[in-house]
Amino acid sequence: MEIILKQDIQSIGYANDIVKVKAGYARNYLIPKGMAIAATETNRKVLAENLKQKSFKEVKIIKEAETLSKALDGITVKIGAKAAESGKIFGSVNNIQIADAIKQQFNYDIDRKKIVVDGEHIKELGTYSANVNLYKDVKAIINFEVFAE
């Protein structure tokens, strides 16, 4: 079944994409939750008109995302955490702390949901990297160092 996504859904596609998914997944999950609509001929025409109107705005957003990506590439963010003598952290470092540290140290406001940490949990001191998904195909890789406070 072909559907039109209303929002970005990880591993399926981005908003306003026409994608093919299994009929049950579309009818029982995506459409009732308001994440997608059926890709009927009428909905396709409405989508085409909306995309035409949004295209010039999107160019500006892409330029801003690319500028931010160039600024973020290669920076190293320092994050302090309470740790034991063995190097294990009490708790873990997550994308919320990374977003806060970027805001404080470099004054870039990045949504925490756009930061994807390599590996699920950071529970030891050291240097790690994270991907920042700024826009559809615009990504940046930042390094962060977790040190003991």
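Values in this text are rule-based calculations from the coordinates and carry no lab data. What you see is a predicted model; the values in this text were computed from it and never measured. With ideal geometry, Cβ positions are generated from the backbone for all residues, glycine too; neighbour counts draw on all protein chains shown.
Points to keep in mind about this one:
- Top-ranked residue of segment 122-141 - restricted to ones that are free of Cβ contacts under 8 Å to residues at least 60 places away in the same chain and closer than 22 Å to Tyr14 by Cα, ranked as surrounded by the most Cβ atoms within 10 Å (Cβ to Cβ): Ala130
- Subset of segment 79-121 [exposed (fewer than 13 other Cβ atoms within 10 Å of the Cβ) and part of a loop (DSSP other than H, G, I, E, B)]: Lys82, Ala84, Glu85, Ser86, Gly87, Asn107, Asp109, Asp111, Asp118, Gly119, Glu120, His121
- Of all residue pairs spaced 6 or more apart or on separate chains, those with beta-carbon atoms under 9 Å, a first member in segment 103-117 that is under 14 Å from Ile142 (Cα atoms) and a second member that is among the acidic types (Asp, Glu) are Lys103/Asp109; Arg112/Asp100.
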